[in-house]
Amino acid sequence: MSKQLERHNLSDEHYIYLQDNSKKWYTRFVLHGKWYAKATKHTDKDKAIHAAHRLFIEHQIKAENNTLTISKRFRDVAEKAIQHMETELQRGTGKAVFNDYVGVLRRYHIPFFDRTYITSVDAEKLREFDTWRINLMKKVPSKSTLLTHNAAMQMVFKEAVENKWLLPMQVPSLSTNGVSHSRRAAFTPEEYEKILETLSDMEDNSRKQVTKDIRLLAYEYSEFVIYTGMRPGTEMDNLTWGDIHIERHKSGVATFYITVRKGKTTLYTGTREVVCKKPLQQSIYRLTQMFPNRKATDLLFRLPDGSTTNEISRHFKQALQISDLEQASQGIRTLYSLRHSYITWELVAQTVPIDVLARQCGTSIEMIERHYSHAIPRMYSQQLSGVILPKKEEVEKKWQYSDSVAERWAKRYLQWEQNYKRRKCI
């Protein structure tokens, strides 16, 4: 910590002083009950006094015109904005996209701007950031990515303006010159089967039990995405056993429904009911075997000890790399590509109208038309339930049970229905 060596008073609330870490004089004064410290940039005492008077007058004029700001480091302002967003999320009043903003700020903006003053973030600094970000991402970000990044940055500027660390006229314009949207990478049914086989092999070859448990969970997690079209992340991670319901039809066939309560769009649209494909019953059954003492409030995707994990995406990526399926002509595939696969398979299989599919997936018709136009011309209206794979005959054959197997499943459904009545979860 610096030590004051010499001080010269200009008035009761204004003085210049020397510190042991600099040969130049500094000035300190009070305006409206708040102390300000500024550098005079002079080593000569008389010149420093003249500069101190000029600085005081300049700040006095700015204060009278309401244009006085106290600049803050970018990191401090960003952390303040993050704190406010996280508080709103905890209260349930924040937007789900705030999670994306926080992640973007921590990964990109804070590491780059760091201790740069918020008032120094200008057009030139933003151009430097654009170049740095492209090098870090190893690609030019898409327009949608830039819109998310810019929205996150605007939250920081908003925080700075509200605290008078930045003037509205000082907020710079943000560029949205990213690459245009392209067709999203998905899987064929054969590729998806290959990924499941790889995940199963990875599970068998796990050295640690916790790794084995995570990979098993990744397998079931993948099945839920591919047979419901739900979004990996917030939508899936917040599902509880009480969110799974069974509805028995007059024909005797039972259908699973999942209530999505938290996610990207639920703040605006409320909860939505998602219809599950018939093959998902296998995964649901395996999960019930893993958690025989489950309660309605228990998270669906958790480890045997009850804890949660954020490693599912990493293990899925590893399975993609082992299967040589990470790279597609449309770009890099991720866990989210399973959702794209669901939508694509539905469109190609001609099973549902586009508006029904949009409601099922919690998105808009415009989004589907924009990203899945290659599949839309083959659409026809049919019922949403049923198994979606390229050849209907093969699907029906695959899921045709013998009388004994069908009887076992009928008993399981009956047991799950009784469980739901008794303890509010299957």
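Looking at segment 82-98, which of its residues are modelled with pLDDT under 95, closer than 10 Å to ALA152 by Cα and outside any loop (DSSP other than H, G, I, E, B)?
PHE98
Give the residues of segment 7-44 that are out of contact with any strand residue (DSSP E or B) (no Cβ under 7 Å at 6 or more places or on another chain), within 13 Å of PHE56 (Cβ to Cβ) and of a type in the set (S, T, N, Q), sorted by residue number.
Of everything in segment 7-44, just one residue is out of contact with any strand residue (DSSP E or B) (no Cβ under 7 Å at 6 or more places or on another chain), within 13 Å of PHE56 (Cβ to Cβ) and of a type in the set (S, T, N, Q), namely SER11.
Report, ordered by the first and then the second residue, all pairs with beta carbons closer than 9 Å, sequence separation of six or more or different chains, a first member in segment 325-346 that is within 18 Å of LEU199 (Cα to Cα), and a second member that is in a strand (DSSP E or B) and at pLDDT below 95.
GLU326/ILE332; ARG333/GLN327; SER337/ALA328
Please determine whether any residue of segment 58-67 is modelled with pLDDT of 90 or more and surrounded by fewer than 16 Cβ atoms within 10 Å (Cβ to Cβ). Before the answer, list the steps.
We begin by selecting, within segment 58-67, every residue modelled with pLDDT of 90 or more; these are none.
For segment 58-67, residues modelled with pLDDT of 90 or more and surrounded by fewer than 16 Cβ atoms within 10 Å (Cβ to Cβ): absent.
Among THR271, THR308, which is hydroxyl-bearing (Ser, Thr, Tyr) and under 22 Å from LYS212 (Cα atoms)? Show your work before the answer.
Details: THR271 fails: under 22 Å from LYS212 (Cα atoms).
Within the list THR271, THR308, the selection yields THR308.
Go through the residues of segment 199-220 one by one and say whether even a single one is buried (at least 18 other Cβ atoms within 10 Å of the Cβ) and over 22 Å from THR288 (Cβ atoms).
Going through segment 199-220, the residues buried (at least 18 other Cβ atoms within 10 Å of the Cβ) turn out to be 199, 202-203, 213-220.
Subset that is over 22 Å from THR288 (Cβ atoms): 202.
Within segment 199-220, one or more residues are buried (at least 18 other Cβ atoms within 10 Å of the Cβ) and over 22 Å from THR288 (Cβ atoms).
Could you pull out the residue among ILE61, ILE49, ILE82 that is over 27 Å from HIS14 (Cβ atoms) and aliphatic (A, V, I, L, M)? Full working, then the answer.
Numbers: ILE61 fails: over 27 Å from HIS14 (Cβ atoms); ILE49 fails: over 27 Å from HIS14 (Cβ atoms).
Within the list ILE61, ILE49, ILE82, the selection yields ILE82.
Can you go through LYS158, LYS208, LYS194 and tell me which one is of a type in the set (Lys, Arg) and either in contact with a strand residue (DSSP E or B) (Cβ under 6 Å, 6 or more places away or on another chain) or more than 30 Å from TYR227 (Cα to Cα) (or both)? Step through it out loud before you land on a result.
On the way: LYS208 fails: either in contact with a strand residue (DSSP E or B) (Cβ under 6 Å, 6 or more places away or on another chain) or more than 30 Å from TYR227 (Cα to Cα) (or both); LYS194 fails: either in contact with a strand residue (DSSP E or B) (Cβ under 6 Å, 6 or more places away or on another chain) or more than 30 Å from TYR227 (Cα to Cα) (or both).
Every option except LYS158 fails the conditions.
Of (1) surrounded by fewer than 17 Cβ atoms within 10 Å (Cβ to Cβ); (2) over 22 Å from THR116 (Cα atoms); (3) not assigned by TED's automatic domain parsing to the domain that holds ALA152, THR87 satisfies all except one. Which?
It is condition (3) that THR87 fails.
For segment 36-47, does any single residue satisfy the condition of being charged (D, E, K, R) and in contact with an Asp or Glu (Cβ under 6 Å, 6 or more places away or on another chain)?
Of segment 36-47, the ones charged (D, E, K, R) are 38, 41, 44-47.
Restricting the remaining residues to those that are in contact with an Asp or Glu (Cβ under 6 Å, 6 or more places away or on another chain) gives none.
No, because not a single residue in segment 36-47 is charged (D, E, K, R) and in contact with an Asp or Glu (Cβ under 6 Å, 6 or more places away or on another chain).
Where in segment 309-426 are there helices (runs of 4 or more DSSP H), lying wholly inside it, with at least 2 residues that are modelled with pLDDT under 85 and outside the structural domain of ARG272 (by TED's automatic domain parsing)? Reasoning before the result, please.
Numbers: elements: 312-322, 337-348, 354-361, 365-371, 392-398, 403-423.
No helices (runs of 4 or more DSSP H) qualify here.
So which of LEU174, LEU166, LEU136, LEU126 is at pLDDT 85 or above, assigned to a loop (DSSP other than H, G, I, E, B), aliphatic (A, V, I, L, M) and out of contact with any His (no Cβ under 7 Å at 6 or more places or on another chain)? Steps first, please.
Numbers: LEU166 fails: at pLDDT 85 or above; LEU136 fails: assigned to a loop (DSSP other than H, G, I, E, B); LEU126 fails: assigned to a loop (DSSP other than H, G, I, E, B).
None of the others qualify; the one that does is LEU174.
Out of (1) of a type in the set (Val, Ile, Thr); (2) outside the structural domain of GLU369 (by TED's automatic domain parsing); (3) surrounded by fewer than 16 Cβ atoms within 10 Å (Cβ to Cβ); (4) modelled with pLDDT of 90 or more, the odd one out for VAL156 is which?
Every listed condition holds for VAL156 apart from (3).
Does LYS38 satisfy the criteria of being free of Cβ contacts under 8 Å to residues at least 24 places away in the same chain and not in a helix (DSSP H, G or I)? Can you show your working first?
Working: free of Cβ contacts under 8 Å to residues at least 24 places away in the same chain: yes; not in a helix (DSSP H, G or I): yes.
Answer is yes for this residue.
Give all pairs with beta carbons closer than 9 Å in which a residue from segment 1-25 that is over 13 Å from ASP44 (Cα atoms) and in the same structural domain as ASP44 (by TED's automatic domain parsing) meets a residue that is part of a strand (DSSP E or B) and of a type in the set (Lys, Arg); count only pairs at least 6 apart in sequence or on separate chains.
From segment 1-25, the pairs are GLU13/ARG28; HIS14/ARG28; TYR15/ARG7; TYR15/ARG28.
The values are calculated or read from the model by the stated rules, or taken from the named source; none is laboratory data. The structure presented is a predicted model; accordingly, all values stated were derived computationally and were not measured. Methodologically, a virtual Cβ is constructed for each residue, glycine included, from the backbone with ideal geometry; neighbour enumeration extends over all protein chains shown.
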